[in-house]
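J.: Below you'll find the structure I mean.
Coordinate-derived values only; no laboratory data. Keep in mind that this is a model prediction, so the values were computed, not measured. Neighbour counts run over all protein chains shown; Cβ positions are idealised from the backbone, glycine included.
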Amino acid sequence: MDYSNRLPRGSAYANNGSVLSSDIKGNIITAKVQGSQRTPYAVDIVIPTFTVEEKKKIIEILVSNPAWMAELLNKKLPEDLLKETQKHKIRLFPSRWDDFKMKCSCPDSAVPCKHLAAVIYLLSYEIDLDPLMVLKVHGLDIIEEFKKQKIDIAKEAVEEIPTLSDAIIYVKNKEIPKNKIKEEKIFETCDYSKLPDTGTALLQLLDEATPFHNKSVKPELVSFIKLVSKKIKNIEFALGDDVKKNIAFCIDIHIKIPVKNESASVELVFEKQVYFVPINDFIRLVYNTNISDSKRWNYILQSLREFVFFCVKLVETVNIVPKMVTHNQQLRLMWFPLDNDAETEKLLSFFNEIIPSSVLHFLCDEDNKTGVLKEGDINLMSALFITGIIQNIQEYIYGKKTDSEQELNKLFCGNNNSFFNEKRVVNSIHIWLKKLHVSKTRFRPIIKIDDHYPEFKASLFINDSELVNEVPVSYKDFSESKKYEKEKMGVVKNLMLLAGYFKGISQLINNVKIKHLSYNQQEFTALLFDMVPCLKLLGVEVLLPKGLAKVGVPKISLSMNSKKGEKSGSFMSLNDMIDFDWQVAVGDSLIKPEEFFALIENFSGLVKIKDQYVMLTAADIEKLQKQLNKAALPDAHETIRILLSGEYEGAKVALGTEILELLKQWTKTEKEKLPKKLNAKLRPYQTRGFEWLYKNSQLGLGSILADDMGLGKTLQALTFILKMKEAETLVPGSCLIVAPTTLLNNWVREIEKFTPGLTHFIYHGLKRDSKEFDKYDVLLTSYGTLRSDHAVFEKKEWKYLLIDEAQNIKNSEAQQTKALKKIKAEIRIALSGTPVENRLGEYWSIMDFVNKGLLGNSTFFNKEFANPIQADHDSQKLEAFKKITAPFIMRRMKTDKSIISDLPEKVEMNKIASLTKAQAALYTSVVNECMQQIESSEGIARKGLVLKMMTALKQIGNHPAQYLKQNKIKADDSGKLSLLFDILEPIIENGDKTLLFTQYKEMGDILQRTLAEKYGSEPLFLHGSLNRKQRDEMVQSFQNFKHHQIFILSLKAGGTGLNLTAASNVVHFDLWWNPAVEAQATDRAYRIGQQKNVLVHRLINQGTLEERIDDMIQSKKHLANITVASGETWLGDLNNKELRELVALSKHNS
């Protein structure tokens, strides 16, 4: 009886530090306890020792039951051991206070007093930390006694905490390896959707009891991680604008790990400066950057962005595991990836291949040394990011709480050293977490399940991971083999960590005659669905028979067959020719609902149906019945999605033979004759593109032709339109083409060159007249005109509606997009050279234009495809998406094997610009003024004035500001500059590089300024004022650094002597009128070392001297030869009439 409440007061004394010192020697405990007096009280406790017979019996029990001994080594006191000792009347713990001899120097006569109680509480705490203590205080050193039995378990009694040094090599600073790209890979292949969403299931496997703390830590740990995984998407920017804006120009990166337990920092190396940012800020920055924006980054930085994304996904799905580690003799808790499943291992392996180990720098006490990561140890880098992410979220959630309130949360984040001051406490934390790492030892358990339905058997095997080519051995053979004698107890110690999840494992260990455990159907259901998932979470390999490897849940599905006598020529009338039958999907089999419900009658739990196991619960069956009762037939668009993907809500569908044949016909492109009046020879891939457009139109389907720039999308589209005219399905006034203003003239030139049989009309400008619509085969207009005159276009029903540069309708909410989608058209075609797959929301907007409803509304599309594909790289969703969209989109790259053989190594294209009003007015004024002077001059003076006029007109054609020497530049004052932006957009989007030539230093300056304003970074500019060193540095930067995508060169300075093969695009902003000089410039990209086809864009102002001189050079070879020899001087030989005709502005610009 504790009448004076001494025991709770003793507990308080134990917890508040009143026990000043304590010493345990054998079975005697002495202590000093601070009471109410100044002098501490002396406490002495004597524990009775075991008798010789008792010791002998305990040793005998533990030797014959290695599983119990292993639990003691795991710092757990087995219940079975307590029962067995009690059976033999051996007391491990006292049943009465007077079982102890104890005294205290305090004046309290009660035994125990609160001071004695305090010491006993601390003794019980010591026993909790190490249950072997209960034997020691009774005079039994079990480790020594086992040694006498020739069983050495001393090694197993000591816990080794892993050290980070095992993954680090220290080298001299001058020997630190440079970051090198191992192999560029496509990050979209990382499928995060397959990461198992473990929730807190793994952490739930931890023991409730936590000897290192006065209350159970597990609930708080589980609650904390739940909150972290929930809040992970709320990471926000915390960096200055300078770093955010300039991150694209970073050329190298290092992660610096300090000597002490401090946060790592990230060193961002730029061409002319270095930034250091905390790792948590770096995580926020890269995680919040759109993938399409990061395409311009240095590849290693891109890799780290994706790696951070992966680590965030690991935290979000709680595929992480805490672990005690040491570094530089300092202890900390870190979170590592839970790599117990194939998908996580696959992703870790992927990142290990692409991220150089030299990115990580461990700082050292020695000034001249730095630690670098060993090759192949991506787990440690993962741990740094994962722990940083968790610390980041912890600060986000608990930033304003006091240190005492955050005590456990800081422990979970690995930044609370107060827990790590005492080694026994650290060991206790380590042992508490150890079971989570049971599969990371040399000897790994394997559990094999045998199917003898309705009975099942489980056997235990041991695999030596160091012997790759040897098969696992049964536990019996392992236990009896002398080869593994020294390792046996260590293996048993790890096996017993699984005792809570593999019932009966102690039987297999203590009695090797038992070869397997047997289960009936009900018992095995519990094992399969409760225990096996836990074992797999712990990384234990469980070998299941094929039928049990993937136990399914019945799902609703469909079988689709052709109606007799029904034929269809259009995708949109599919439902009229299909018989739909609801089915139940069981694995890969489809069963009629009535047959399924008959088969499962009177069954529940794990059931075998047609050689496939399914798990049946009352809730699953009820849900399935409701789905079947409420199921509505799919609409036409959903039917198309089902047919093309072969799935209905994730379940396989059955397609009849006739449906499969019809689907094959619809998705196969047949040979088709080219139009008779086509004035072009198509390359093979262009012919395939035309045939595909034709086939889709015959089925009533729209198409997206998304070939790379330079592959001839316009020609393929015009070939199709001409074919439709010859087939008499296209009549005047039935075809509308919408393009950016800058490209309207290019369409006209292409029509006149390749399909002169098509009549055309441009509906654009102030004097546009809609009455002209029905007079021409093809009507051309701009996006801006269509937006402002949408009512005019909505009145007509068009047969064909084609849009160029379809990225102009990527924003589904823009007025321009809405206006375009309201236009009624039977067949819609979109052309785009921009990789629309980078932004699926934009992809949806374009596909919704060509085939409205095919991908559902935007909400459905985002939920079903965009979010899973973009956020998780879900490969199954991506595959389904590709199957559904494949018939409606054709994208060929210049690098495709099927394309590159068709292409010449260099493709030249004239790009026609229109002068702006300001340019046209200035051009006309200068022509009139100069011609008056020329007409009144002769000889050398006249020739000089001619060349001066030519220079002035070329400068005006470039930009009025160049001629007028103005500092204030407006990009839209120049038609060429607007056209240049349209050309560069897909190039930059694709991550390609461009050489941009101009004859004039002044124009180069204008280009540098306007391009910097447009794209947020200043392009390089090589001109004659630079010295050799500056030129060389620029060339190296362009060749080696990804963010330099545009290189401006003055024609004279950059025309010769440079090797710039990083560029696959060349733009001649203004022409030299000397083919040899122009060719020399182009060859900076097109020369030895170039691995891509080079696309050359020659910008020419329509209706000006530029267009006429270029026509003369291209058509008159002898004149071209003259220009090679004499440059532009021949222009001075023209008479006044010829000269005026040459420079006069045509009606296109008047």
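J.: How would you rank Y776, Y170, going from fewest to most other Cβ atoms within 10 Å of each one's own Cβ?
T.: Neighbour counts put them in this order, fewest first: Y170, Y776.
J.: Also, I was wondering about something else. Quick one: angle between helix 6-15 and the longest Cα principal axis of the chain, in degrees between 0 and 90, rounded to 10, please.
T.: For 6-15 against the chain, the angle is about 40 degrees.
J.: To the nearest 20 Debye, how big is the dipole of region 1-87 about its Cα centre, given +1 on the beta carbon of each Lys and Arg and -1 on that of each Asp and Glu?
T.: Here region 1-87 has a charge dipole of around 320 debye.
J.: Only helical DSSP H runs with n ≥ 4 go in: add -39500 (n - 2.57) per run for the chain, normalise by residue count and round the 222 nm mean residue ellipticity to 500 deg cm²/dmol. Walk me through the numbers on the way to the answer.
T.: Working: 49 runs with 475 residues, N = 1150.
Theoretical 222 nm ellipticity from helices: -12000 deg cm²/dmol.
J.: Where does each of 37-44, 643-650, 90-97, 850-857 land if you order them by average Cβ count within 10 Å, highest first?
T.: So the order, starting with the most tightly packed, is 850-857, 643-650, 37-44, 90-97.
J.: For region 6-157, what are the per-bin percents of Cα-Cα distances with bins 10 Å wide, up to the bin holding the maximum?
T.: 11, 38, 29, 17, 5, 0
J.: Classify region 669-900 as rounded, prolate or oblate, taking a ≥ b ≥ c as the square roots of the eigenvalues of its Cα gyration tensor: rounded when a/c is under 1.5, otherwise prolate if a/b is larger than b/c and oblate if not.
T.: oblate
J.: Set the Förster radius R0 to 25 Å, insert the Cβ-Cβ distance between S901 and E672 as r into 1/(1 + (r/R0)^6), and round the FRET efficiency to 0.05.
T.: After rounding to 0.05, the efficiency reads 0.70.
J.: For region 85-133, what is the convex hull volume of the alpha-carbon atoms per residue, in Å³?
T.: Dividing the Cα hull volume of region 85-133 by its residue count gives 83 Å³.
J.: Now a separate question. Based on a Kirkwood Rh over C-alpha pairs, give the Stokes-Einstein translational diffusion coefficient of region 261-405 at 20 °C and viscosity 1.002 mPa s in µm²/s.
T.: Stokes-Einstein gives a translational diffusion coefficient of 130 µm²/s.
J.: Related question: I need R444, R9 ordered by Cβ neighbour count within 10 Å, fewest first.
T.: With the sparsest Cβ surroundings first, the list reads R9, R444.
J.: Going through region 258-304, which chymotrypsin sites (Phe, Trp or Tyr not before Pro) have at most 16 other Cβ atoms within 10 Å and a DSSP loop state?
T.: Hits after loop and neighbour filter: F270.
J.: Rounded to the nearest 0.05, what FRET efficiency do A631 and K503 have when you use their Cβ-Cβ distance and R0 = 45 Å?
T.: Efficiency, from the Cβ-Cβ distance: 0.60.
J.: How much length is gained if the chain between D972 and K592 is pulled fully straight, taking 0.36 nm per residue apart and subtracting their Cα-Cα distance, in nm to one decimal?
T.: Details: separation 380, 0.36 × 380 = 136.80 nm, distance 6.61 nm.
Length gained, D972 through K592: 130.2 nm.
J.: Another question, then. Of the beta bridges DSSP finds with both residues in the chain, what % are antiparallel, to the nearest 5? The partial results should precede the final answer.
T.: Numbers: 75 of 133 bridges.
Percent antiparallel among DSSP bridges in the chain is about 55.
J.: Please list, or write none, the lysines whose alpha carbon is within less than 16 Å of the alpha carbon of K32, excluding same-chain residues fewer than 8 places away.
T.: K103, K114
J.: Relative to the longest principal axis of the C-alpha atoms of the chain, give the angle of the C-alpha long axis of helix 218-231, reported between 0 and 90° and rounded to the nearest 10°.
T.: Orientation of helix 218-231: about 10 degrees from the principal axis.
J.: Stretch E938-E1141 to full length: gain in nm at 0.36 nm per residue minus the Cα-Cα span?
T.: Gain on extension, E938 to E1141, equals 71.2 nm.
J.: Residues in region 104-125, backbone N under 17 Å from the label point at A42 (7 Å along the Cα-to-beta-carbon vector): list them, ranges by number please.
T.: 104-108, 115-116
J.: Let me ask something else. Specify which residue in the list L947, S506, N16 is farthest towards the positive end of the charge dipole of the chain, using unit charges on the beta carbon of Lys, Arg (+1) and Asp, Glu (-1), about the Cα centre.
T.: L947
J.: Can you compute the label reach from K1001? Point 7 Å from Cα along the Cβ direction, backbone N cut-off under 19 Å, restricted to region 1029-1047.
T.: Within reach of a label on K1001: 1029-1035.
J.: Return a whole-number percent for the relative contact order of the chain, with Cα pairs under 8 Å and 6 or more residues apart as the contact set.
T.: 7
J.: While we're here: What size of dipole, in debye to the nearest 20, comes out for the chain about its Cα centre when the only charges are +1 on Lys and Arg C-beta atoms and -1 on Asp and Glu C-beta atoms?
T.: Dipole size: approximately 820 debye.
J.: Now for a different question. I need the P(r) histogram for region 906-1143: all alpha carbon pairs, bin width 10 Å from 0 out to the longest distance, whole percents.
T.: 7, 32, 36, 19, 5, 0
J.: Sequence neighbours fewer than 8 away in the same chain don't count; with that in mind, list the aspartates and glutamates whose C-alpha is under 13 Å from K493.
T.: Reachable aspartates and glutamates: E71, E156, E159.
J.: If you don't mind, another one. Taking 51 Å as R0, compute the FRET efficiency from the Cβ-Cβ separation of E929 and A871 and round it to 0.05. Please report the intermediate quantities before stating the final value.
T.: Working: r = 62 Å, r/R0 = 1.22.
Using R0 = 51 Å, I get an efficiency of 0.25.
J.: With each label point set 7 Å from Cα along the Cα-Cβ vector, what nm distance links R1108 and L467?
T.: It is 9.2 nm.
J.: Averaging the inverse of every distinct alpha carbon separation and then flipping it gives the Kirkwood radius. What is it for the chain, in angstrom units?
T.: That comes to 36.4 Å for the chain.
J.: Taking the alpha-carbon distance from K671 and a cut-off under 20 Å, which lysines remain once sequence neighbours fewer than 8 residues away in the same chain are dropped?
T.: K681, K695, K713, K723, K725
J.: In whole Hz, what ³J(HN,Hα) sequence does region 678-694 give by Karplus (6.51, -1.76, 1.60; θ = phi - 60°), x for Gly and Pro?
T.: For region 678-694, the Karplus curve yields 5, 9, 7, 9, 6, 6, x, 5, 6, 4, 5, x, 4, 4, 5, 4, 5 Hz.
J.: Here's a follow-up. With the cut-off at 20 Å, report for region 451-549 the share of all Cα pairs above it, as a whole percent.
T.: For region 451-549, the share of Cα pairs beyond 20 Å comes to 40 percent.
J.: Let me know the volume per residue of the alpha-carbon convex hull for region 341-386, in Å³.
T.: Spread over its residues, the Cα hull of region 341-386 gives 75 Å³ apiece.
J.: If you stretched the chain out fully between K101 and S770, how much longer would it get, using 0.36 nm times the residue separation minus the C-alpha to C-alpha distance? Mind dumping the intermediate values first?
T.: Values: separation 669, 0.36 × 669 = 240.84 nm, distance 11.23 nm.
Once the chain is fully extended between K101 and S770, it gains 229.6 nm.
J.: Around K75, under 13 Å between beta carbons, what's the net of Lys plus Arg minus Asp minus Glu among the other residues?
T.: -2
J.: Right, another one. Once you have a ≥ b ≥ c as the square roots of the Cα gyration tensor eigenvalues for region 48-106, tell me rounded if a/c is under 1.5, and otherwise prolate or oblate according to whether a/b is larger than b/c.
T.: In terms of gyration-tensor shape, prolate.
J.: Report, to the nearest 10°, how far helix 423-434 tilts away from the longest principal axis of the Cα atoms in the chain, using its own Cα long axis and a range of 0 to 90°.
T.: With both axes taken from Cα atoms, the answer is about 60 degrees.
J.: What order do you get for S875, S604, S1025 when you list them from fewest to most C-beta neighbours inside 10 Å?
T.: Result, fewest neighbours first: S1025, S604, S875.
J.: For region 656-706, which GluC sites (Glu not before Pro) are both in a DSSP coil and crowded by at most 13 other Cβ atoms within 10 Å? Kindly include the intermediate steps, with their values, before the conclusion.
T.: Details: sites: E658, E661, E670, E672, E691; in loops: E670, E672.
The qualifying sites are E670.
J.: Once you place label points 7 Å from the Cα toward the Cβ at K681 and Q521, how far apart are they in nm?
T.: In this crude spin-label approximation the distance works out to 7.5 nm.
J.: List the GluC sites (Glu not before Pro) in region 692-773 that DSSP assigns to loop (not H, G, I, E or B) and whose Cβ has at most 11 other Cβ atoms within 10 Å. Which are they?
T.: Answer in residue order: E728.
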